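Below is one structure, written out as structure tokens; comments come after it.
None of the figures in this text is laboratory data; all of them are computed from the coordinates on show. Note that the structure is predicted; figures quoted are calculated from it, not measured. With ideal geometry, Cβ positions are generated from the backbone for all residues, glycine too; neighbour counts draw on all protein chains shown.
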Amino acid sequence: MSLFVLGTGTGVGKTVITAGLVGWLRDRGRDAVGIKPAQTGFPPDDDAGFVAEAAGSEDASVCLRYLEPALAPAVAADVEDVALSYDEILQGCRRELEAANPGIVEGIGGLRVPLAEGMEVVDLAADLGLPTLVVARSGLGTLNHSALTVKALERRGLDVCGVVLNDYAGETLAERTNPDVLESMVDLPVYTVPGLDLDTPGEAVTAVKENLPPSVLPE
């Protein structure tokens, strides 16, 4: 079984967690592949490239579509005046998931980000039907965003296996109390991963190994 890593928004650390999971699985002898349905802001943004570097192999990740404007995929395609097909993205994800062992699909921004042809990231998650892992910020405000994201996924019939509070330092009262409070709100495991310098992308793999349990890995 594969996994879909979804976020509460942009810049919450989905790529770091995806890279860590793919690298960890590869260290265990699995042919795991990170799958990015669409990458905007390219260049310089290249989430698939980061995952490949972290896992130490070019075939550890794939991106189905690159777009230059740093916008939601549907908006970026409109600005560039290029076609972006939701069905091609969906079928591309299915093709890559079938070939991977397993695949880790990384979302784009949050659930309601316009993906293509009136469809959103949450629609892709629902159509793929994979177990999901939610990545969120650690500080003030994350309770609302995280709980709403979990509820939205559950309403679409998706299995949520946990929430990762990324870039966790525990320096504020909000950060220190958020994990336990959020766990009681969503009735799911809540994990924390500390902030990383990421001078070397491989640090993401080490951090995920050290802070997440093996139970989050796809079987």
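What the table shows:
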{"read-out": "Residue-averaged [θ]222 nm for the chain, counting only DSSP H segments that reach four residues, each worth -39500 (n - 2.57)", "value": "-12500 deg cm²/dmol"}
{"read-out": "Kirkwood-Stokes translational diffusion coefficient of the chain, alpha-carbon pairs, 20 °C, 1.002 mPa s, µm²/s", "value": "125"}
{"read-out": "Under 5 Å, built H, 5+ apart or other chain: amide partners of Thr40", "value": "Leu67"}
{"read-out": "Order of Cys161, Cys63 - criterion: other Cβ atoms within 10 Å of each residue's Cβ, fewest first", "value": "Cys161, Cys63"}
{"read-out": "Phi to ³J(HN,Hα) by Karplus 6.51 cos²θ - 1.76 cosθ + 1.60 over region 203-219, Hz, x for Gly, Pro", "value": "4, 5, 5, 4, 5, 5, 4, 7, 10, 10, x, x, 5, 7, 6, x, 6"}
{"read-out": "Phi to ³J(HN,Hα) by Karplus 6.51 cos²θ - 1.76 cosθ + 1.60 over region 9-18, Hz, x for Gly, Pro", "value": "x, 7, x, 8, x, 4, 5, 4, 5, 4"}
{"read-out": "Scattering profile of region 1-75 at q = 0.11, 0.12, 0.28 Å⁻¹ [log10 I(q)/I(0), Debye over alpha-carbon scatterers]", "value": "-0.26, -0.31, -1.39"}
{"read-out": "Surface/4 estimate of mean projected area, convex hull on alpha-carbon atoms of region 33-92, nm²", "value": "3.9"}
{"read-out": "Stretchable slack from Leu188 to Asn101, in nm (0.36 nm times residue separation minus alpha-carbon distance)", "value": "28.7 nm"}
{"read-out": "Burial ordering of Tyr66, Tyr86, fewest other beta-carbon atoms within 10 Å first", "value": "Tyr66, Tyr86"}
{"read-out": "Three-way shape call for region 36-156 based on the alpha-carbon gyration tensor, with the a/c threshold at 1.5", "value": "rounded"}
{"read-out": "FRET efficiency, 1/(1 + (r/R0)^6) with R0 30 Å, evaluated for Asp78 and Ala169 via beta carbons", "value": "0.20"}
{"read-out": "Estimated vicinal HN-Hα couplings, Hz - region 40-48 in sequence order (Karplus 6.51, -1.76, 1.60; Gly, Pro = x)", "value": "9, x, 9, x, x, 5, 8, 5, 4"}
{"read-out": "Fewest-first ranking of Glu80, Glu106, Glu58, using other Cβ atoms within 10 Å as the exposure measure", "value": "Glu58, Glu80, Glu106"}
{"read-out": "Other-chain or far-sequence residues with amide H under 5 Å of Asn101's (modelled H)", "value": "Asp31, Ala32, Val33"}
{"read-out": "Whole-Å distance, taken between Cα centres, linking region 107-142 and region 37-87", "value": "15"}
{"read-out": "Nearest-0.05 FRET efficiency for Arg28 and Asp87, computed from C-beta distance (R0 41 Å)", "value": "0.75"}
{"read-out": "Ordering of 4-12, 187-195 by packing [mean C-beta count within 10 Å, highest first]", "value": "4-12, 187-195"}
{"read-out": "Cross-link reach list, lysines versus Lys36, counting only Cα pairs under 17 Å and skipping chain neighbours closer than eight places", "value": "Lys14"}
